[in-house]
1. What's the number of the condition A:ASN60 fails, among (1) over 24 Å from A:GLU259 (Cα atoms); (2) surrounded by 14 or more Cβ atoms within 10 Å (Cβ to Cβ)?
2. Could you check how many residues of the range A:223-242 are surrounded by 20 or more Cβ atoms within 10 Å (Cβ to Cβ), part of a helix (DSSP H, G or I), within 19 Å of the chain's Cα centre (by Cα) and not acidic (Asp, Glu)?
3. Looking at the range A:101-120, which of its residues are without any contact (Cβ under 8 Å) to a residue 60 or more places away in the chain and either within 7 Å of another protein chain (Cβ to nearest Cβ) or open to solvent by less than 20 Å² (accessible area, probe 1.4 Å) (or both)?
4. Report, by residue number, each residue of the range B:43-57 that is surrounded by fewer than 19 Cβ atoms within 10 Å (Cβ to Cβ) and of a type outside the set (Phe, Trp, Tyr).
5. Checking B:GLY96 against (1) over 30 Å from A:PHE163 (Cβ atoms); (2) surrounded by fewer than 21 Cβ atoms within 10 Å (Cβ to Cβ); (3) in contact with a helix residue (DSSP H, G or I) (Cβ under 9 Å, 6 or more places away or on another chain), only one condition comes out false. Which one?
6. Output the residue which, of all residues in the range B:279-292 that are part of a helix (DSSP H, G or I) and surrounded by fewer than 20 Cβ atoms within 10 Å (Cβ to Cβ), is farthest from the other protein chains (Cβ to nearest Cβ).
7. In the range B:1-30, what residues are in contact with a strand residue (DSSP E or B) (Cβ under 8 Å, 6 or more places away or on another chain) and open to solvent by 70 Å² or more (accessible area, probe 1.4 Å)?
8. If you take the residues in the range A:138-158 that are β-branched (Val, Ile, Thr) and free of Cβ contacts under 8 Å to residues at least 60 places away in the same chain, which one is nearest to the other protein chains (Cβ to nearest Cβ)?
There are 2 protein chains.
Amino acid sequence: MTTMLTMESLKPEQSTFLKQTYPELTIIPVEALVADQLRQINIIYGYKNTYAKLLTQLLNDPQSKLKWLQTISAGVDYLPLAQLAKKHILVSSASGIHAQAISQNVFGYLLYWARALDKAIAAKTQHQYGLDPQKIVNLDGKTMMIFGTGHIGQQIAKVAQVFNMHVIGVNRSGRAKPSFDQIVDDQGYAALLADVAYIVNVMPLTTATHHFFNAQFFEQVNHQATFINVGRGPSVDETALINALSHGQIKAAALDVFEMEPLPQTSPLWQMNNVLITPHTSGLLEHFRIAFFNVFKPNLAQFMKDGTLIRNQIDYHAGY
Amino acid sequence: MTTMLTMESLKPEQSTFLKQTYPELTIIPVEALVADQLRQINIIYGYKNTYAKLLTQLLNDPQSKLKWLQTISAGVDYLPLAQLAKKHILVSSASGIHAQAISQNVFGYLLYWARALDKAIAAKTQHQYGLDPQKIVNLDGKTMMIFGTGHIGQQIAKVAQVFNMHVIGVNRSGRAKPSFDQIVDDQGYAALLADVAYIVNVMPLTTATHHFFNAQFFEQVNHQATFINVGRGPSVDETALINALSHGQIKAAALDVFEMEPLPQTSPLWQMNNVLITPHTSGLLEHFRIAFFNVFKPNLAQFMKDGTLIRNQIDYHAGY
């Protein structure tokens, strides 16, 4: 017998598929979980941080049989990875399923400003037909620098290339990745920052990326640059970002994630006209449950066969 | 001697290039034109409709030596094509140079709504962190139908494909074009309209396309569809469009062109929340003069050689 606790609900056809394919699999929705079932759990489907207490309980129980945690998110920065490593509990992420949505969100931000839709929308309320042509910016010919070259970074790069942008990717190894015109490593990007029009963060949050975008970073940036964070909030020193925005070190920022979420009422970001704020929605999908199950399915097949995973497995040490 | 009247200004380096390459070419900026030079003009560079009177004068003058009209625009619907044909005056358009800008404008409109940026921006003014996930729409998996499969249509299709949309092109011949998943002709599109999420018009305005998008058209459209016009205003029966919008036959419209421009103050479109209005700016480029000159340059070389053109020549009969 294998027991799976579901923290993300299954669609009826998904339940049916699982029952028919794996008759030996018991499924317990988290809402229906009773205490004496805890020790049966082998798999957690759709782990989310709101159930952190439950996970702690399992990790502290020497009789827990938990073997695999499938998270709901692409990033796993909120997990006790060292403890999971010690217990040999496999972790897999939802990496990949958010890439399309995030790329759409990023270009939604950029094009809103580039095509002066803010001005057009304001003019419409006044029934004003007219727009200062000087307010329009072309993406083509501009340089975008993307920090993080995984699924999400690659999809953003792919769109940028169709808009004839020059796309630079930054990753730790400096290794080439599809859809980028150029890849640089941690040492290589700073020299290029002065020519970058759009900076996009999609890096995972690790000790290496915490406060990566700090005062020193923003000092090197082109004053006409727009900063976009669809990665993780704590990768940015928010005080330094607010300074850079208010002192004209950068032109604008579009932010989906924040050092503290929800963004506190007292944050100066709310008041800034050159800032777009979305509440951690850049990765939202209309049909999330389908996309998520499709990531899980091949892993489950492998896990039921030999207890291993074939995709999206987290490296405990790297943190992604 | 060849004389060229410029209605779009040349950059200093462009003037220098022309003088050095074609010493036999005289350039007269339209602002400096005096009456007795009229009969010398062989080429008009950057023709725009504000000079319609001047063109009429030239066309009515039996001694005019005008041989070639290079328009500033992609569409040439405003030109007296029959008269130009009779006088064997070549016409070339700026087709192609607006494609990138227009594709960026189209996705600016779409993503503004799809990623619920309207809601996010409204929430920001209230310092509200939160967004109804139901308001978010994914482009991926949705169908876009593009009327017009030339330069502009193809570039829009290319972007749509990177967003994993299903892209249908509509043209007169039904002939395949790059970047479309499917091409249908005038007879084929109606049956597909019920499944289309985004309708984009980039057709040239001709007698065949005048009021193409009429009441009958909107009756066949999916009620969740968004209509985007970045082609020409009179291709749309605006009264029918307004009806379709106010009766929920379509969900929204993003309009860059109108039956009458500027859009009259009395138009109900100004008041509609499900309408985005831009003032014929979708094709605006930051570096227009460079892009425009690059279209003109190879044609001038050919024209100086043998009086013919090699690209962007208008078919008087087709009207594009």
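1. (2)
2. Looking only at that region, the number is 1.
3. Step one: of the range A:101-120, the residues without any contact (Cβ under 8 Å) to a residue 60 or more places away in the chain are A:103-104, A:107-108, A:111, A:114-120.
Once the filter is applied, which keeps residues that are without any contact (Cβ under 8 Å) to a residue 60 or more places away in the chain and either within 7 Å of another protein chain (Cβ to nearest Cβ) or open to solvent by less than 20 Å² (accessible area, probe 1.4 Å) (or both), the range A:101-120 yields A:SER103, A:GLN104, A:PHE107, A:GLY108, A:LEU111, A:ALA114, A:ARG115, A:ALA116, A:LEU117, A:ALA120.
4. Of the residues in the range B:43-57, the ones surrounded by fewer than 19 Cβ atoms within 10 Å (Cβ to Cβ) are B:48-54, B:56-57.
Once the filter is applied, which keeps residues that are surrounded by fewer than 19 Cβ atoms within 10 Å (Cβ to Cβ) and of a type outside the set (Phe, Trp, Tyr), the range B:43-57 yields B:LYS48, B:ASN49, B:THR50, B:ALA52, B:LYS53, B:LEU54, B:THR56, B:GLN57.
5. So B:GLY96 meets the others, but not (1).
6. Let us first name the residues in the range B:279-292 that are part of a helix (DSSP H, G or I), namely B:288-292.
So of that shortlist, the ones also surrounded by fewer than 20 Cβ atoms within 10 Å (Cβ to Cβ) come out as B:288-291.
Details: B:PHE288: 9, B:ARG289: 12, B:ILE290: 10, B:ALA291: 10 Å.
The residue in question is B:ARG289.
7. So in the range B:1-30, the residues in contact with a strand residue (DSSP E or B) (Cβ under 8 Å, 6 or more places away or on another chain) come out as B:1-10, B:15, B:18-19, B:22, B:24-30.
Passing the criteria: B:MET1, B:LYS19, B:GLU24.
8. Step one: filter the range A:138-158 for residues β-branched (Val, Ile, Thr), giving A:143, A:146, A:149, A:152, A:156.
Add one more test, that the residue is free of Cβ contacts under 8 Å to residues at least 60 places away in the same chain, and what stays is A:143, A:146, A:149, A:156.
Details: A:THR143: 14, A:ILE146: 15, A:THR149: 17, A:ILE156: 10 Å.
Step by step, filter the range A:138-158, then rank; the result is A:ILE156.
The values are calculated or read from the model by the stated rules, or taken from the named source; none is laboratory data. This is a predicted model, so every value here is computed, not measured. Neighbour counts run over all protein chains shown; Cβ positions are idealised from the backbone, glycine included. Keep in mind that these areas ignore ligands, DNA and RNA; they rest on the heavy atoms of the full protein, side chains included. Shrake-Rupley method; radii C 1.70, N 1.55, O 1.52, S 1.80 Å.
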